[in-house]
Amino acid sequence: MLRRFIPQEFDFFDCFEKAAAEAVTAAKLLLKMTENYGDADPIAREIEAVEHACDDITHQAMDRLNKVFITPLDREDIHAIIIRLDDVVDLIHASSSRMAFLHIEKPTTHSINMAKQIVRGCEKIADAVRGLRFTKNYEQVTKDCIAIHEAENAADDLLHYALAELFTTVKDPITVIKWKDIYESLEAVTDRQEAVANALHGVIVKMS
Amino acid sequence: MLRRFIPQEFDFFDCFEKAAAEAVTAAKLLLKMTENYGDADPIAREIEAVEHACDDITHQAMDRLNKVFITPLDREDIHAIIIRLDDVVDLIHASSSRMAFLHIEKPTTHSINMAKQIVRGCEKIADAVRGLRFTKNYEQVTKDCIAIHEAENAADDLLHYALAELFTTVKDPITVIKWKDIYESLEAVTDRQEAVANALHGVIVKMS
Amino acid sequence: MLRRFIPQEFDFFDCFEKAAAEAVTAAKLLLKMTENYGDADPIAREIEAVEHACDDITHQAMDRLNKVFITPLDREDIHAIIIRLDDVVDLIHASSSRMAFLHIEKPTTHSINMAKQIVRGCEKIADAVRGLRFTKNYEQVTKDCIAIHEAENAADDLLHYALAELFTTVKDPITVIKWKDIYESLEAVTDRQEAVANALHGVIVKMS
């Protein structure tokens with residue numbers, strides 16, 4: 001069992017789980033935005049609120065990390081995991097805000113499918129983070145990390161199809177610029193999800 | 001006191017401070033360029049000279065890191081801090097050179113404000129790096145790191161406003177491409193500043 | 001001698017060498033594509049096969065890293081090196097697939113020269129990785145890492161010249177968007193190569 005000597009007052013695993021839950025919420029709102037683009041502005045504001053909530057979790061964790069004596073994982077790993085979880089939510093926020101203010105006509109199937117991969121990646125992050133407390137779960141966590149990589153690969157393929165179609169079918173340069181930006185910012189979210197998976201898997205590798 | 005057993009001949013903290021000072025100089029020149037765009041070319045050359053000076057500091061530090069026996073922080077942390085400080089100067093250089101050669105008509109208020117955030121972030125990096133020598137300063141260094149994050153957030157908001165305005169007001173696609181590129185390259189500088197803050201805060205978290 | 005107590009059944013250095021060899025192969029195919037653009041599609045498929053081969057090497061290494069008891073380098077460093085080698089191949093693949101599907105008329109001299117720097121960087125990565133087994137090679141590995149940085153700098157300069165020329169000579173916005181994307185994705189490969197160099201040099205710094 002990994003979790004020894006953790007001071008009662010603060011539970012870093014709990015903090016990872018909360019941040020991951022915010023990431024799942026943000027991802028689902030992003031998907032909702034692609035499926036209900038008429039409500040893009042209010043949904044963008046909801047995502048902004050989620051981003052602030054995640055910032056608070058991050059700041060609290062950072063503050064405690066400076067103060068507690070004994071930590072359940074190496075301090076630098078807790079630091080890396082928290083920062084990268086926060087990055088995912090930041091990028092979902094950036095992506096949704098772009099999609100809202102760029103005033104596209106309506107989301108493409110590719111963008112909806114990319115948002116679905118983002119939801120899938122965030123759900124797997126939440127699973128992986130939940131498994132992190134006990135070494136007996138590490139084989140499952142490794143599988144979750146692989147699933148996060150697969151979601152990134154899928155988003156990457158979608159980006160390529162989307163761009164190929166964009167340059168073939170759209171002739172208006174401004175529309176091309178907008179969509180290229182949206183697709184790339186969606187794909188960038190999955191890169192950050194992969195960075196979380198790498199940090200989590202790095203911990204497992206160190207611990208096993 | 002952290003700074004024990006440092007060989008007399010090389011002071012890594014001094015090296016961090018020198019690199020951070022070059023970053024401040026580069027950032028101020030970038031701001032000067034946005035405010036005096038008529039002199040963009042000579043200012044771009046000045047920034048290039050600063051970048052070379054920072055490269056020399058980096059190479060000297062790397063060389064010493066290979067040779068000295070005892071270091072004041074973990075070797076890999078010194079390595080990460082030096083590389084990331086150098087990255088900030090590299091990105092300021094890249095950003096200024098884009099701004100010079102893209103031949104825009106004149107800088108927008110948004111780009112001037114982004115350059116101001118870059119100056120602010122670099123000044124806070126210089127403060128943080130100066131505080132790194134002694135653990136008694138670590139609370140202040142943590143505050144400096146938070147200020148660097150705030151500068152990044154501010155630049156991110158400016159990027160969003162700037163892009164929203166760009167797509168609403170500018171109709172010429174080439175001008176849109178140029179400005180989007182400039183805004184994004186300015187914002188990328190603040191991402192690298194945040195990476196420095198993360199490396200510095202990671203050290204503090206490990207040491208406290 | 002570094003290489004003590006490695007279990008007979010798995011050699012991580014061998015695995016680094018295999019991944020680096022795939023990176024060299026991918027880079028040479030990318031250069032071939034820029035020089036024989038008429039064959040872009042079949043060459044893109046060859047690069048995709050190389051990317052899958054590298055994925056297999058990565059997964060095998062990750063799997064072993066979870067299972068073996070004693071490793072020749074710190075587990076987190078093996079993890080970082082493998083991930084970053086895989087990233088280089090991923091980005092070469094992304095870059096080549098963009099170049100193939102964007103249907104440009106023919107590669108420019110700048111893009112050919114950027115591909116040459118990518119080949120040079122990958123060859124130096126292969127050299128560096130080969131030297132990693134024994135501390136006696138570390139001075140040479142450091143030189144290889146510097147050469148990788150130089151290739152990145154050269155690619156960066158080429159990007160700037162290429163973009164300056166692009167905005168001066170090309171008037172069609174869609175063509176500008178396509179070429180900007182290709183040049184930037186080629187330069188991004190060399191950034192990932194630099195990340196490998198940083199990981200390798202970080203190990204050396206820790207070990208010396």
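General observations
- Residues of region A:106-134 classified as touching a Phe, Trp or Tyr at 6+ places or on another chain (Cβ under 6 Å) and either hydroxyl-bearing (Ser, Thr, Tyr) or in a helix (DSSP H, G or I) (or both), total: 1
- Qualifying residue in region B:143-161 (condition: buried (at least 20 other Cβ atoms within 10 Å of the Cβ) and not in a helix (DSSP H, G or I)): no
- Index of the failed condition, C:ILE148 passing every other in (1) more than 15 Å from the chain's Cα centre (by Cα); (2) in contact (Cβ under 8 Å) with a residue 40 or more places away in the chain; (3) more than 14 Å from chain A (Cβ to nearest Cβ): (1)
- Residues that are at the interface with chain B (Cβ under 8 Å from one of its Cβ atoms), buried (at least 21 other Cβ atoms within 10 Å of the Cβ), more than 30 Å from A:LYS206 (Cα to Cα) and out of contact with any Asp or Glu (no Cβ under 9 Å at 6 or more places or on another chain), drawn from region A:71-110: none
- Residue match in region C:34-56 (condition: modelled with pLDDT under 95 and under 14 Å from the mean Cα position of the chain (by Cα)): yes
- Hits in region C:49-65 - residues which are over 24 Å from C:GLU194 (Cβ atoms) and either surrounded by 15 or more Cβ atoms within 10 Å (Cβ to Cβ) or away from chain A (no Cβ under 12 Å) (or both): C:ALA49, C:ASP56, C:GLN60, C:ARG64
- The set of residues in region C:178-207 being touching a Lys or Arg at 6+ places or on another chain (Cβ under 8 Å) and either closer than 25 Å to C:HIS103 by Cβ or outside any helix (DSSP H, G or I) (or both) consists of C:ASP181, C:ILE182, C:SER185.
- Some residue of region C:183-190 being over 19 Å from C:HIS93 (Cβ atoms), over 15 Å from the mean Cα position of the chain (by Cα) and either surrounded by fewer than 23 Cβ atoms within 10 Å (Cβ to Cβ) or more than 9 Å from every other protein chain (Cβ to nearest Cβ) (or both): no
- Among residues of region C:164-177 being assigned to a helix (DSSP H, G or I) and more than 7 Å from every other protein chain (Cβ to nearest Cβ), the one that is surrounded by the most Cβ atoms within 10 Å (Cβ to Cβ) is C:LEU166.
- Hey, C:LYS180 more than 13 Å from every other protein chain (Cβ to nearest Cβ) and basic (Lys, Arg) or not: no
- Residue check for C:GLY202: closer than 20 Å to C:GLU76 by Cα and either of a type in the set (A, V, I, L, M, F, W, C) or within 14 Å of chain A (Cβ to nearest Cβ) (or both): yes
Okay, residues lined up against (1) farther than 23 Å from B:ILE82 by Cβ; (2) modelled with pLDDT of 95 or more:
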| site | (1), (2) |
| --- | --- |
| B:ARG130 | no, yes |
| B:THR135 | no, no |
| B:GLU187 | yes, yes |
| B:ASP191 | no, yes |
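The values are calculated or read from the model by the stated rules, or taken from the named source; none is laboratory data. The structure displayed is predicted, hence computed values, not measured ones. No Cβ is skipped: glycine too gets one built from the backbone with ideal geometry, and neighbour counts run over all protein chains shown.
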